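Novice: Here it is, the structure in full.
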Amino acid sequence: MTEAVRGLGGVEPAALVDVLGVGPEECILSLVKEHDGKLPQECIVELLPWSAATVSRLLSDIEEQQRIVRLHAGRGKVVFLTEQAADP
């Protein structure tokens, strides 16, 4: 998924389903899964072609669904998958 995401260029989150067959939330969850279930939010922003604000909003939506937990680590946050998201 990481390589596919890097080639997205300026694809808007809403158009992701048409391009990769998954929505933006599933894309983020896949990235975190590829990194052993934890990934700094800053790295997610670097990997995706969207603004930090867009990624933060998407992460908030996923967090409300209880599929991730974000914990403060120094000056940033680390995203962790919950058991709910880790199960296929």
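Novice: Which count do you get for residues in region 23-38 that are closer than 15 Å to residue 63 by Cα and not in a helix (DSSP H, G or I)?
Specialist: 2
Novice: Could you list, in sequence order, all residues of region 43-62 that are aliphatic (A, V, I, L, M) and either modelled with pLDDT under 85 or not in a helix (DSSP H, G or I) (or both)? So that I can check it myself, show each step before the final result.
Specialist: Our first condition is that a residue be aliphatic (A, V, I, L, M); within region 43-62, this holds for 44-45, 47-48, 52-53, 55, 58-59, 62.
If the condition is that a residue be aliphatic (A, V, I, L, M) and either modelled with pLDDT under 85 or not in a helix (DSSP H, G or I) (or both), then 48 is the only one that fits.
Novice: Another one. Filter region 32-62 for residues that are touching a strand residue (DSSP E or B) at 6+ places or on another chain (Cβ under 6 Å) and among the charged types (D, E, K, R) and give the result.
Specialist: Looking only at region 32-62, we keep the residues that are touching a strand residue (DSSP E or B) at 6+ places or on another chain (Cβ under 6 Å), and these are 32, 37-42, 62.
Matches in region 32-62: 38, 42.
Novice: Let me ask you something else. Within region 3-42, can you find the residues that are modelled with pLDDT of 65 or more, farther than 23 Å from residue 70 by Cα and buried (at least 16 other Cβ atoms within 10 Å of the Cβ)?
Specialist: The one that is modelled with pLDDT of 65 or more, farther than 23 Å from residue 70 by Cα and buried (at least 16 other Cβ atoms within 10 Å of the Cβ): 20.
Novice: Starting from residues that are farther than 11 Å from residue 25 by Cβ and among the hydrophobic types (A, V, I, L, M, F, W, C), keep the ones in region 60-78 and report whichever is surrounded by the fewest Cβ atoms within 10 Å (Cβ to Cβ).
Specialist: Only one residue fits best here, namely 71.
The values are calculated or read from the model by the stated rules, or taken from the named source; none is laboratory data. No experiment lies behind these values; they were computed from the predicted model shown. Every residue, glycine among them, receives a Cβ derived from its backbone with ideal geometry; neighbour counts consider all protein chains shown.
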